[in-house]
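What follows is a short report on a single structure.
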Amino acid sequence: MSDKNNFHVELPENLKGKFKSLERKLWIVDTAIAASGFSAGLVCFYLLLFMSDRLWDTPAALRLFITGGGIAIAAWYAWFWINHWIVNRRDSRVLAAIVQQKHRKLGDRLMSAVDLTSHDDRPDNVSETLCRAAIEQIANETERYNFNQAVATRRPMYLTLMAIFL
C-alpha cells in the first residue's frame, strides 16, 4: 500500500447527522418490535395455558411445553434486539445499505462515500482532495432525501397493536 493513501477522511456533518437520525429511528422501531413481540409471545402462551387449564387438567408435560414455547418466543425477540444493538451493531455501511433499499436513485454512491472514509476499503493511490470532493458531492446529493423513510414502521405497529390487544 502506498503512503499517498495514508490519510483520514470523515463523512460531512450533515451526512453524519442523517445517519444518526436513521440510527435513532431504527433503535425506536427495533425496540418496539422486541418489546411487543416479547410481551405478546409471553401473553399468548399464558392465555393458551390458562384456556387449557379451564378445559381440563393440563398434564405437566404439556404445561412445560407451553411454557417453553412462550419463553422461546420471548427469547427470540430479546435476541433480535441484542443482536442488532449490542452484538452486531449496525455501522455506516449497513445504514447506507438500508437507505439504498428505499432510495434507489442514490445507487451505490452513498455506499461509495462510506467506503471512501474507510482506510481499508479505499482504493490504492487515490488523491485526498479527490476523495474529499467525491464525499462532499454525495453528501450534497443526499440533502433532498429523508433517510428516516427507509425504516419500515408497519411491522412494529402491528406487533404493538397485537400486544395491546392481548
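Remarks
- Lysine pairs meeting the criterion (Cα under 19 Å, 8 or more apart or interchain), as found in the chain: 6
- With Cα atoms as the point set, the chain shows a radius of gyration and Dmax of 23.0, 77 Å.
- Take the range 55-109 with all the other protein chains still there, run a 1.4 Å probe, and you get 68 Å² of accessible area per residue.
- Seen from every direction in turn and averaged, the convex hull around the alpha carbons of the range 10-50 projects onto 2.8 nm².
- About its Cα centre, the chain has a charge dipole of approximately 600 debye under the convention of +1 per Lys or Arg Cβ and -1 per Asp or Glu Cβ, with nothing else charged.
- Between the helical axis of 154-165 and the longest alpha-carbon principal axis of the chain there is an angle of about 30 degrees.
- Surface accessible to a 1.4 Å probe, K102 within the full protein complex, Å²: 110
- The GluC sites (Glu not before Pro) found in the range 10-77 that occupy coil by DSSP, while having at most 16 further C-beta atoms within 10 Å, are E10.
- Helical runs (DSSP H, four residues minimum) scored at -39500 (n - 2.57) apiece and divided by the length of the chain put the mean residue ellipticity at 222 nm at -23000 deg cm²/dmol.
- Dividing the Cα radius of gyration of the range 28-88 by its Kirkwood radius returns 1.13 for Rg/Rh.
- The accessible surface of the range 43-166, taken with every protein chain in place and a 1.4 Å probe, is 61 percent carbon and sulfur.
- Across the range 100-141 the C-alpha pair distances fall into 5 Å bins from zero in the proportions 5, 23, 32, 21, 11, 6, 1 percent.
The values are calculated or read from the model by the stated rules, or taken from the named source; none is laboratory data. The structure displayed is predicted, hence computed values, not measured ones. Using ideal geometry, Cβ is built from the backbone for each residue, glycine included, and neighbour counts are taken over all protein chains shown. Accessible surface areas use protein heavy atoms only, side chains included; no ligands, DNA or RNA. Shrake-Rupley method; radii C 1.70, N 1.55, O 1.52, S 1.80 Å.
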